[in-house]
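Below is one structure, written out as structure tokens; comments come after it.
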Amino acid sequence: MKSIKYAPALALAALLSLGFTGCIIDNDDDYYNPNPHPPATYQQSFDEDFDKDTRGWTFDDRADSSYAFVANGYYKMVDFSRLGSNHVAVVSTGANTAKNFSIKTRMSTDNAMGLIFGASSNTYGYSLFIDAAGYYAVYKEGANPDAVISWTQSANIKNGWNDVEVEQVADYWYFYINGVKVNQTPARVLGGSEMGFMVLSNTTGQADYLTVRW
């Protein structure tokens, strides 16, 4: 497991502090086809059910009041960051991200938590974030995160647990929340097969499982 922390971009921090008042608001997901996913065939898989920590998800950053652990079938990340850092936890899945793949999880957060995909030892990868106010966003992660899809409101985001999925089919990424496609974008080149989670400062988040197919 690789745990990373870095300071968020000023623009993102300002956006969050304003309660997303400057974000794009889209209350209508009907523009996107809510039918089942585009056709894709997968032969291999990576499955994490968080029954025990065999892959090393646990970390404890006492200097920054942040930690994570596996217990009772869940992965829990807690960030009371004093330094304003963001914390990322990823593991190698062995997935071939140059071809079709799917990554799914079920998350719950009191602030903002992201599903990380395509990270490596040299890159932070990309994130699909959801927050407790009913917004989602996609970022190219790094010291200065770059928005691929700006914060957008979705009626598909529920209070509590939400099923989240990213699927790469041919040259596109498709983003699903609770089984409904909320957006899509041309696929980017990914640096690796590490997948995992990220929480912003002052966030508690949980994941129920992580499944990758390719």
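The values are calculated or read from the model by the stated rules, or taken from the named source; none is laboratory data. Computed from a predicted structure; not experimentally measured. Note: ideal-geometry Cβ built from the backbone for every residue, glycine included; neighbour counts use all protein chains shown.
Taking the conditions exactly as written (crowded, with 21+ Cβ neighbours inside 10 Å, over 27 Å from residue 51 (Cβ atoms) and not acidic (Asp, Glu)), does residue 126 satisfy them or not?
Spelling it out, residue 126 is indeed crowded, with 21+ Cβ neighbours inside 10 Å, over 27 Å from residue 51 (Cβ atoms) and not acidic (Asp, Glu).
A quick yes/no check of all residues on (1) surrounded by fewer than 12 Cβ atoms within 10 Å (Cβ to Cβ); (2) modelled with pLDDT under 50; (3) under 25 Å from residue 106 (Cβ atoms); (4) among the hydrophobic types (A, V, I, L, M, F, W, C):
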position	(1), (2), (3), (4)
5	no, yes, yes, no
18	yes, yes, no, yes
54	yes, no, yes, no
79	no, no, yes, no
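Can you name every residue in the range 86-95 that is crowded, with 20+ Cβ neighbours inside 10 Å and either part of a loop (DSSP other than H, G, I, E, B) or polar (S, T, N, Q) (or both)?
86, 93, 95, listed by residue number.
Given the conditions (1) assigned to a loop (DSSP other than H, G, I, E, B); (2) surrounded by 12 or more Cβ atoms within 10 Å (Cβ to Cβ); (3) at pLDDT 95 or above, report the number of the one that residue 70 does not fulfil.
(1)
Cβ contacts < 6 Å: first residue of a type in the set (D, E, K, R), restricted to the range 105-133; second residue not in a strand (DSSP E or B), any location; separation 6+ or different chain. Result?
Every condition considered, the pairs that remain are 106/161; 110/132.
Here is a yes/no grid of residues against (1) in contact with a Leu (Cβ under 6 Å, 6 or more places away or on another chain); (2) aromatic (Phe, Trp, Tyr); (3) not in a strand (DSSP E or B):
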position	(1), (2), (3)
76	no, no, no
105	yes, no, no
123	no, no, yes
144	no, no, yes
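Quick one: is residue 115 out of contact with any His (no Cβ under 9 Å at 6 or more places or on another chain), modelled with pLDDT of 95 or more and more than 20 Å from residue 66 (Cβ to Cβ)?
Working: out of contact with any His (no Cβ under 9 Å at 6 or more places or on another chain): yes; modelled with pLDDT of 95 or more: yes; more than 20 Å from residue 66 (Cβ to Cβ): no.
It is false that residue 115 is out of contact with any His (no Cβ under 9 Å at 6 or more places or on another chain), modelled with pLDDT of 95 or more and more than 20 Å from residue 66 (Cβ to Cβ).
Scan (1) assigned to a loop (DSSP other than H, G, I, E, B); (2) in contact with a helix residue (DSSP H, G or I) (Cβ under 9 Å, 6 or more places away or on another chain); (3) not basic (Lys, Arg) for the single condition residue 98 breaks and write down its number.
The one condition residue 98 does not meet is (2).
Are there any pairs with C-beta distances below 9 angstrom linking a residue in the range 51-74 that is farther than 15 Å from residue 206 by Cα to a residue that is among the small types (Gly, Ala, Ser) and part of a loop (DSSP other than H, G, I, E, B), with the two at least 6 apart or on different chains, and if so which?
Partner pairs satisfying both residue conditions: 61/81; 61/85; 64/81; 64/85; 65/81.
Quick one: count up the residues across the range 158-172 that are among the hydrophobic types (A, V, I, L, M, F, W, C) and surrounded by fewer than 21 Cβ atoms within 10 Å (Cβ to Cβ).
Qualifying residue count, the range 158-172: 3.
Taking the criterion of being among the acidic types (Asp, Glu), closer than 24 Å to residue 93 by Cα and in contact with a Phe, Trp or Tyr (Cβ under 8 Å, 6 or more places away or on another chain), would at least one residue in the range 139-151 satisfy it?
Yes, the range 139-151 contains a residue that is among the acidic types (Asp, Glu), closer than 24 Å to residue 93 by Cα and in contact with a Phe, Trp or Tyr (Cβ under 8 Å, 6 or more places away or on another chain).
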